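J.: Input: one structure, supplied below.
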């Protein structure tokens, strides 16, 4: 069994998939960290399932922290020019309607065919599906 | 004169009845939760409720241990989540996308009461949940969605193929009451939200027989930009205004 990659390396590797002009949805957990490694000179737009397109990096200082500006992990982030807000049904219209170019999801297991297990462990129901199933479908093809 | 403003939280939830279906807006701890409406319903003690909430939460618990690799989270002042109603044994069913995973040492009333057979949990993919609520608002009884077939959450549902893609039948999710949290309202019920707190709040407004908006500020008719109104007042029946928005009450 190969040695496990650390989280930063995984996030860095994911960010190498980012291409100019992409709309990208980053899932809960490690995927969120990929936002720290946008390839230099490329303009990408991040989508958060809770209704935001075009937000910036994580909020660090007390002054930057805003309860009304969070990403899908519930982490407070910073605003950027060109950012916009929308409600949940609209947000998932973007997802299910395949308007998102790239989605990065955390996972428990994945098969060689791409079947993904990421929201429930047998015996530990009910699990937490969140937006993963809609995102996985919306990013297919 | 049309005036949807109701003076107190207690008064605005007075007619919530036993067994009612309540749609509650918000997304996780920091994001547009109608905490005062939840507290008023907690104080009223109405039982047998079905609550529809993306992230019901665990009620009032000691702060969970932080994940080492995640930034510290803080909650808005005087924040309460829908888990408070579960903790108070007022809920018999929860329809949700994200009940969370209980952490060692932190009780989760939802998980505990589910195991004890006190309540049932209907798991719903987040996008399907949003669309079921939108459908209720739009008067659409049911729809087909490609999310679900081939998974645990597609089991037992009617499946049809459209252009070679399997889709499952989902029904509109109409509530008796919607509890939504907004930033500004006028007396006609026009609403504006702040940032990502729009989330399920704007989806749920109008999706129940009675929609109640808890807002930070009441403004004069004409002060909300007609081009920038997020929820038209037609979807809102009652408005209750926070007396001290900065303190969260």
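The values are calculated or read from the model by the stated rules, or taken from the named source; none is laboratory data. The shown structure was predicted, so the numbers you read here are calculated from the model rather than taken from an experiment. No Cβ is skipped: glycine too gets one built from the backbone with ideal geometry, and neighbour counts run over all protein chains shown.
J.: Hey, residue B:134 hits all of (1) within 11 Å of another protein chain (Cβ to nearest Cβ); (2) without any contact (Cβ under 8 Å) to a residue 24 or more places away in the chain but one; which does it fall short on?
T.: Condition not satisfied by residue B:134: (2).
J.: Tally time: how many residues in the stretch B:145-165 are in a strand (DSSP E or B) and crowded, with 18+ Cβ neighbours inside 10 Å?
T.: The number of residues fulfilling the criteria is 1.
J.: Could I ask something else about it? Run down A:106, A:123, A:131, A:74 and say which single residue is in contact (Cβ under 8 Å) with a residue 60 or more places away in the chain and within 12 Å of chain B (Cβ to nearest Cβ).
T.: Values: A:106 fails: within 12 Å of chain B (Cβ to nearest Cβ); A:123 fails: in contact (Cβ under 8 Å) with a residue 60 or more places away in the chain; A:74 fails: in contact (Cβ under 8 Å) with a residue 60 or more places away in the chain.
Step by step, each of A:106, A:123, A:131, A:74 is checked, and only A:131 is in contact (Cβ under 8 Å) with a residue 60 or more places away in the chain and within 12 Å of chain B (Cβ to nearest Cβ).
J.: Right, next: Any residue at all in the stretch B:18-27 that is surrounded by fewer than 17 Cβ atoms within 10 Å (Cβ to Cβ) and in contact with a helix residue (DSSP H, G or I) (Cβ under 7 Å, 6 or more places away or on another chain)? So that I can check it myself, show each step before the final result.
T.: Quick first cut of the stretch B:18-27, residues surrounded by fewer than 17 Cβ atoms within 10 Å (Cβ to Cβ) only: B:18-19.
When the remaining residues are screened for being in contact with a helix residue (DSSP H, G or I) (Cβ under 7 Å, 6 or more places away or on another chain), the result is none.
No, the stretch B:18-27 contains no residue that is surrounded by fewer than 17 Cβ atoms within 10 Å (Cβ to Cβ) and in contact with a helix residue (DSSP H, G or I) (Cβ under 7 Å, 6 or more places away or on another chain).
J.: Just one of the numbered conditions (1) touching a helix residue (DSSP H, G or I) at 6+ places or on another chain (Cβ under 6 Å); (2) assigned to a loop (DSSP other than H, G, I, E, B) is not true of residue B:118; which one?
T.: All conditions are met except number (1).
J.: Among what's in the stretch B:36-53 and is surrounded by fewer than 24 Cβ atoms within 10 Å (Cβ to Cβ) and out of contact with any helix residue (DSSP H, G or I) (no Cβ under 6 Å at 6 or more places or on another chain), pick the residue that is nearest to residue B:249 (Cα to Cα).
T.: Filtering the stretch B:36-53 for residues that are surrounded by fewer than 24 Cβ atoms within 10 Å (Cβ to Cβ) and out of contact with any helix residue (DSSP H, G or I) (no Cβ under 6 Å at 6 or more places or on another chain), the one nearest to residue B:249 (Cα to Cα) comes out as B:39.
J.: So which residues in the stretch B:166-210 are more than 14 Å from every other protein chain (Cβ to nearest Cβ) and assigned to a strand (DSSP E or B)?
T.: B:169, B:171, B:175, B:176, B:177, B:179, B:185, B:208, B:209, B:210
J.: Of all residues in the stretch A:30-58, how many are crowded, with 19+ Cβ neighbours inside 10 Å and assigned to a loop (DSSP other than H, G, I, E, B)?
T.: Residues meeting the conditions: 4.
J.: While we're here: At pLDDT below 95, closer than 12 Å to residue A:77 by Cβ and surrounded by fewer than 17 Cβ atoms within 10 Å (Cβ to Cβ): is that true of residue A:13 in this structure?
T.: Judged against the criteria, residue A:13 is not a match.
J.: Find the strands (runs of 3 or more DSSP E) located wholly in the stretch B:1-101 whose residues include 1 or more that are at pLDDT 95 or above, within 14 Å of chain A (Cβ to nearest Cβ) and out of contact with any strand residue (DSSP E or B) (no Cβ under 9 Å at 6 or more places or on another chain), and list them. Before you say what the answer is, go through the steps one by one.
T.: Working: elements: B:21-24, B:49-52, B:91-96.
Counting at least 1 such residues, we get no strands (runs of 3 or more DSSP E) at all.
J.: Taking the stretch A:59-71, which residues are assigned to a loop (DSSP other than H, G, I, E, B) and in contact with a helix residue (DSSP H, G or I) (Cβ under 8 Å, 6 or more places away or on another chain)?
T.: Result: A:66, A:67, A:68, A:69, A:71.
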